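Single-structure report; data block below.
Computed from the coordinates by the stated procedures, all read-outs in this text should not be read as laboratory data. From a predicted model like this one, the values you see are computed outputs, not experimental measurements. Glycine also receives a Cβ, built like all others from the backbone with ideal geometry; neighbour counts cover every protein chain displayed.
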C-alpha cells in the first residue's frame, strides 16, 4: 500500500483531537448550564467526561491502539446523549445531538465500525425519545417523532454510502499509484516499499534476503516494432515464470552453501522470430511463446 496515500490514521487522529477539545469546552459549558437548572447528576457527568476528553489529548497522538481509545471515548459520549433524553427536565432539542452520531462514528471508525456504532446508539436514542416524549400526559405529536427518527436513519444511511464510496475510491487510487499501467505489475514506488517491508521482516526473523536483478536485451526494439500490447504486456507473465525458476535454483545453491545470503542476476535474451502464430491474414510473433535463454549467476 502506498505510503503517500495512507492517511487514514493521521486524519482520524486529527479529527479525534479536534473533537476532544470541543468535548472539553462544551462539556464545561453545558455542565454549568445544567447545574444552574438543577440537573446536578448530568452536570457532574459532563464535568467528569470533559476532563476525561482532556486527558486523552496526550494519548491520541502517539497510541498504537487508536481504534480502542476511540471506542472508549465514543461509547460514554453517546451514552450520555441517550441518558440526557430520558431526564425529565431536558428539552427534546437534545435529539439534535443524536443526529451527529453517524457522522462522528463513520469519521472515526470507518465503514464497519461506524455502521455498528451508529446503528446501536441511533436505535437506542429513538427508543429513549419515544419513552420520554411519546408516553404520559405530555405526549408529543407522532408525526414529529417519526420525522426525527427517519431523519436520523437517513443521516446514517448517507454517511454509510459516502464512507463506502470513499473507501472504494481510496483503494483504487492506492492500487493505481503502485501499479505500472503497461504491465499491470508493481512499479518502482511499490518495489521500494515492498523491499523495506521484506528487509525489516528478514531482520526480525534472522533469515537471509535474496535480490533478483533482471536485464532484458534488445527489448526496446520489440516494443518499437510490435507495440506494447504484443511486447511488454504478454512478456511480464512469461518473465515471472522464468524468475521463479531462477530463484528456485539459486535458493538451492544458497541452501547447499549453508543458507548464505545471495544475489541472483539473470540475463534474458529474447529471440522474437523463433515462434510465430497465424493472426487473421498476417503473421505476428507471440511473445508468450518465445523461448528465452536464461542464465543465472
| query | In which sequence would 203, 193 go, from the one with the fewest C-beta neighbours within 10 Å to the one with the most? | reply | 203, 193
| request: Grab the alpha carbons of segment 1-117, take their convex hull, and tell me the volume per residue in Å³. | output: 99
| field | At R0 = 22 Å, FRET efficiency that the Cβ-Cβ distance of residue 172 and residue 11 yields, to 0.05 | value | 0.80
| message | Using Cβ counts within 10 Å as a stand-in for footprinting exposure, how do 180, 224 rank, fewest first? | response | 224, 180
| field | Packing-based exposure ordering (other Cβ within 10 Å, fewest first) of 17, 12 | value | 17, 12
| query | Once label points are set 7 Å from the Cα along Cα→Cβ at both residue 203 and residue 164, what is their separation, rounded to one decimal in nm? | reply | 4.2
